[in-house]
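The values are calculated or read from the model by the stated rules, or taken from the named source; none is laboratory data. Note that the structure is predicted; figures quoted are calculated from it, not measured. Here the Cβ positions follow ideal geometry from the backbone for every residue, glycine too, while neighbour counts run over all protein chains shown.
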Amino acid sequence: MSFEYLFDITWRQIEKSPFELLAFSWFLFCWFGYNVIIDNFLRSSRGLSSRMHLYRVQWMTSALSRDNRVLDVNILRNLQSSMSFFASTSILILAGLLALLGASNQALIIIKQIPFAVIPPKIIWYLKIFLLVFLFIYSFFKMTWSLRQLNYTCILVGAMPPQNKESSDDFIPTARRAAMIGTMAAKEMNRGLRAYYFAIAVLSWFVSPMLFIISTGLVVYVLYRREFRSQIVNILSTQSSSGSD
């Protein structure tokens, strides 16, 4: 059985369910669009990521004045443990999704008991599962890459000289590089976490494509509000405006 034949069968089934295709297209537009716009075009200085970068620069610059950097290492270890947790969780979820492929008939029977559920063709059902598989694979790679970047941050912290041994001003670029790599790690972590958020929206697709469209829009709204309109953003902005910057 060739790939072209499988693609032809899949496309014929999708054509019979245009609303399913519309919901899937809306999801791709929201997911890719949000990541591209937030990470590349909408870089407001009042956003949560931008504000936290300023505090990372302050953190790494302050680390230059500490002879014993146990505190900094413990903070980095705590961040690494969070990344490892999400990466491990992604693997466990993937195992559950692969098990779901073998229990599709039982799952469809359960969904049929929901009053407003829409029962899709088998091809569409598998598409929904593979979309979740893709999201958690994506999240796993983002979390592990973020973990590696935090390891590089640890190396840069270790490269900082002990206090009063050398001029700390000569190592300010190293501190700033450490802060930049830490911000890059946070950016990758955010992308991995967004995959979790959007995966929750995909779960609603198993019930109804209309519910899927609504859930995807709500996820975009929640993510945007937490990034730019949350109370923690206002607090960080107020503190920064009253400080030296």
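Applying the criterion of at least 2 residues that are of a type in the set (Lys, Arg) and surrounded by 15 or more Cβ atoms within 10 Å (Cβ to Cβ) to the helices (runs of 4 or more DSSP H) found wholly in region 112-228 leaves 122-159, 172-205.
Assess whether residue 71 counts as being over 30 Å from residue 212 (Cβ atoms) and in contact with a Cys (Cβ under 7 Å, 6 or more places away or on another chain). Here the answer is no, as residue 71 does not meet what is asked. Only one of the numbered conditions (1) among the polar types (S, T, N, Q); (2) touching an Asp or Glu at 6+ places or on another chain (Cβ under 9 Å); (3) surrounded by fewer than 17 Cβ atoms within 10 Å (Cβ to Cβ) is not met by residue 68, and that is (2). Scanning region 177-200 for residues being at pLDDT 95 or above and more than 14 Å from the chain's Cα centre (by Cα) gives a total of 0. No other residue among 98, 28, 92, 76 is part of a helix (DSSP H, G or I), touching a helix residue (DSSP H, G or I) at 6+ places or on another chain (Cβ under 7 Å) and at pLDDT 85 or above apart from 76. When region 15-34 is limited to residues that are among the hydroxyl-bearing types (Ser, Thr, Tyr) and within 24 Å of the chain's Cα centre (by Cα), the one that is surrounded by the most Cβ atoms within 10 Å (Cβ to Cβ) turns out to be 34.
Kindly establish whether residue 107 is aliphatic (A, V, I, L, M), farther than 22 Å from residue 35 by Cβ and outside any loop (DSSP other than H, G, I, E, B). Considered against the rule, which asks whether it is aliphatic (A, V, I, L, M), farther than 22 Å from residue 35 by Cβ and outside any loop (DSSP other than H, G, I, E, B), residue 107 comes out as yes. Name every residue in region 85-106 that is polar (S, T, N, Q) and surrounded by fewer than 14 Cβ atoms within 10 Å (Cβ to Cβ), in order of residue number. Once the filter is applied, which keeps residues that are polar (S, T, N, Q) and surrounded by fewer than 14 Cβ atoms within 10 Å (Cβ to Cβ), region 85-106 yields 88, 104, 105, 106. Against the numbered list (1) modelled with pLDDT of 75 or more; (2) more than 22 Å from residue 190 (Cα to Cα); (3) of a type in the set (A, V, I, L, M), residue 37 comes up short only at (2).
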